[in-house]
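A.B. asks: Dropping a structure here in structure tokens format, bear with me for questions.
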Amino acid sequence: MSDFREKALDYHANPVPGKISIELTKSAETVNDLALAYSPGVAEPVREIAADANNAYKYTAKGNMVAVISNGSAILGLGNLGPLASKPVMEGKALLFKRFANLDSIDIEVKHRTTEDFINTVENIADTFGGINLEDIKAPECFEIEQALIERCNVPVFHDDQHGTAIVTAAGMLNALEIQGKDIRDALIVCLGAGAAAVACMELLIKCGAQREHIYMLDRKGVIHTRRDDLNEYKQLFANNTDKRTLQDVIADADVFVGVSGPDLLSAEDLKLMADKPVIFACSNPDPEIKPDVAHSARKDLIMATGRSDYPNQVNNVLCFPFIFRGALDVRATAINDEMKIAAVEAIRSIAKEPVPESVLTASGVSELEFGAQYIIPKPMDPRLLPRVAKAVAQAAVDSGVAQIDMPANYMAE
């Protein structure tokens, strides 16, 4: 770990500090170039944009630009370390936008006193960008922040910790249940964790067919039930009228376990209580709720996913967020709605069922991958993700009425 720490610090410090920079897209070599790039030539696009705000997409980089914005209140699993400490993570997000979807991105870290201050700050700068990616903002404030910004902004706003996690989880979950011969409409689901990712995951699974009354959610105090008087409005949505109080009470005969909580909270004995052919998504990072070797020793009939790249079936948001934004920006969507999220779920899960390109096998360091218990979701390096997910999202935006322009001709033709 000491060696890895030094490698990580060296990666971020050298050969220049940070992970992103700005590049020029126009010539700036001559006096004539500069006269066009700045004064007096720049006055012409200024006049065009003043006459019609949509011209900002024609004459500026707005349509290919995403802001990655955080207050640093929930940085990875490190907690509330403040805005500036979140900057390496936000730069990393910008790197991923560029690497996987060729979207330009800039990180913005916001200091504020109140939630309303943060909302006002983002609202006031939103029109500079084609979209807003919120990141590492703690619950429950993140729900209020995202909803307010969706209502106030003219560009799509997307809290990736909620919806990116939910989309990839849903894609993998539907495939895992299919392999296990189960229907999500009948599945009994236990969700350990009640923060932003947990609530978003369960809400999207419901939109994909899960029954709310079949979901048991737990926080640090145990099962969320109707007789508790300490629940915020988001937890109340998952309050069961039940006498069950502990993880052991609800895990018995459950078909699905989703963990977005902390390490080693699900034991082998708990796992043995579950129904035949269970599905385990232990997504706490870096250490899952149950280690895969422990899980597989306890049950030979399970399918398991984690948030780690060194185990099969990694639930990784990079399978989703670059391509969601690519599709949304390319039709100038004003929002990222449920139809677009579900379109992304279906596009991602369909890729896993197809033959895997040789380039993906090489990048993954394996000789073969085939749809099944060890391969339920695509690998991040799969080149099919960009055209498939972006096109599905763009089409859903057009079909649901949030796109401002039609999908370009031959868009994302593979």
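The values are calculated or read from the model by the stated rules, or taken from the named source; none is laboratory data. Worth saying up front: this structure is predicted, and the values here are computed from it rather than measured. Because the Cβ atoms are built from the backbone with ideal geometry, glycine has one as well, and the counts that use them run over all protein chains shown. Areas reflect the complete protein model, heavy atoms only, side chains present, ligands, DNA and RNA absent. Shrake-Rupley method; radii C 1.70, N 1.55, O 1.52, S 1.80 Å.
A.B. asks: I want to verify a result. In a Gaussian network model of the chain, Cα cutoff 10 Å, which of these has the top mean-square fluctuation: TYR375, TYR216, TYR234?
C.D. replies: TYR234
A.B. asks: Could you pull the accessible area for HIS296 with a 1.4 Å probe, rounded to 10 Å²?
C.D. replies: We get 70 Å² for HIS296.
A.B. asks: State the antiparallel share, in %, of DSSP beta bridges confined to segment 166-306, rounding to the nearest 5.
C.D. replies: Values: 2 of 19 bridges.
Of those bridges, close to 10 percent are antiparallel.
A.B. asks: Straight-line reach only, C-alpha to C-alpha below 17 angstrom: list the aspartates and glutamates that LYS277 could link to, leaving out same-chain residues fewer than 8 apart.
C.D. replies: Partners within reach: GLU178, ASP183, ASP186, ASP253, ASP255, GLU269, ASP293, ASP301.
A.B. asks: Counting pairs of alpha carbon atoms under 8 Å apart in space and at least six apart in sequence, what relative contact order in percent does the chain give?
C.D. replies: 12 percent.
A.B. asks: Could you put VAL16, VAL42, VAL199 in order of accessible surface area, largest first, with the 1.4 Å probe and the full protein assembly present?
C.D. replies: Working: VAL16 90, VAL42 55, VAL199 10 Å².
Final ranking, largest accessible area leading: VAL16, VAL42, VAL199.
A.B. asks: While we're on this one: Compute the angle between helix 141-152 and the longest alpha-carbon principal axis of the chain, please, reported from 0 to 90 degrees and rounded to the nearest 10.
C.D. replies: Here the helix axis deviates by roughly 40 degrees.
A.B. asks: Continuing with the same structure: Please calculate the 1.4 Å probe accessible area of LYS7, with all protein chains present, and give it to the nearest 10 Å².
C.D. replies: 130 Å²
A.B. asks: Rounded, prolate or oblate: which fits segment 80-190, taking a ≥ b ≥ c as square roots of the Cα gyration tensor eigenvalues, rounded meaning a/c under 1.5, else prolate when a/b beats b/c?
C.D. replies: prolate
A.B. asks: Going by Cα centres, segment 16-43 and segment 175-230 are how many Å apart?
C.D. replies: With segment 16-43 and segment 175-230 each reduced to a Cα centre, they are spaced 51 Å.
A.B. asks: Still on this structure, please answer the following. Skipping prolines and chain starts, which residues have an amide H placed within reach, meaning under 5 Å, of the one on GLY372, given they are 5 or more residues away or on another chain?
C.D. replies: Hits under the 5 Å cutoff: none.
A.B. asks: Need the full-extension length gain, ALA252 to TYR38, defined as separation in residues times 0.36 nm minus the C-alpha distance. One decimal, nm.
C.D. replies: Working: separation 214, 0.36 × 214 = 77.04 nm, distance 6.77 nm.
Answer, rounded to one decimal: 70.3 nm.
A.B. asks: I'd like the Karplus ³J(HN,Hα) series for segment 226-238: coefficients 6.51, -1.76, 1.60, θ = phi - 60°, whole numbers in Hz, and an x wherever there's a Gly or Pro.
C.D. replies: Rounded to whole hertz, the list is 6, 8, 7, 10, 10, 9, 6, 5, 7, 5, 4, 4, 10.
A.B. asks: Can you give me the solvent accessible area of VAL318 with a 1.4 Å probe, rounded to the nearest 10 Å²?
C.D. replies: 10 Å²
A.B. asks: Using alpha carbons only, how many degrees (0 to 90, rounded to 10) separate the axis of helix 385-400 from the longest principal axis of the chain?
C.D. replies: 80 degrees
A.B. asks: Ok, one more. Just the number, please: percent antiparallel of the DSSP beta bridges in the chain, rounded to the nearest 5.
C.D. replies: 10 percent
A.B. asks: Continuing with this model, one more query. Quick check: from the Cα gyration tensor, does segment 1-93 come out rounded (a/c under 1.5), prolate or oblate?
C.D. replies: oblate
A.B. asks: Right, another one. If you take every residue apart from ILE75 with its C-beta less than 15 Å away from the C-beta of ILE75, what net charge results, scoring Lys and Arg +1 and Asp and Glu -1?
C.D. replies: Working: positive: LYS87, LYS93, LYS111, LYS138; negative: GLU91, ASP107, GLU109, GLU135, ASP136, GLU141, ASP160, ASP161.
Around ILE75, the charge tally is -4.
A.B. asks: Rounding to the nearest 10 and keeping the result within 0 to 90°, find how far the Cα-based axis of helix 196-207 lies from the longest principal axis of the chain.
C.D. replies: Tilt of helix 196-207: around 80 degrees.
A.B. asks: Sticking with this one: With springs only between Cα atoms under 10 Å apart, run a GNM on the chain and tell me which of ALA396, ALA200, ALA275 wobbles the most.
C.D. replies: Among ALA396, ALA200, ALA275, the largest mean-square fluctuation in the Gaussian network model of the chain belongs to ALA275.
A.B. asks: Only four residue types carry charge here, +1 at the Cβ of Lys and Arg and -1 at the Cβ of Asp and Glu. Report the dipole size of the chain about the Cα centre in Debye, rounded to the nearest 20. Show your work: numbers first, answer last.
C.D. replies: Details: 41 positive and 59 negative charges, 36 e Å.
Here the size comes out at about 180 debye.
A.B. asks: Okay, moving on. Going by Cα centres, segment 361-414 and segment 72-136 are how many Å apart?
C.D. replies: Value for the Cα centre distance between the two parts: 25 Å.
A.B. asks: Taking the chain as a Gaussian network, Cα atoms linked when under 10 Å apart, which of ASP52, ASP399, ASP107 shows the biggest mean-square fluctuation?
C.D. replies: Of ASP52, ASP399, ASP107, the Gaussian network model singles out ASP52 as fluctuating most.
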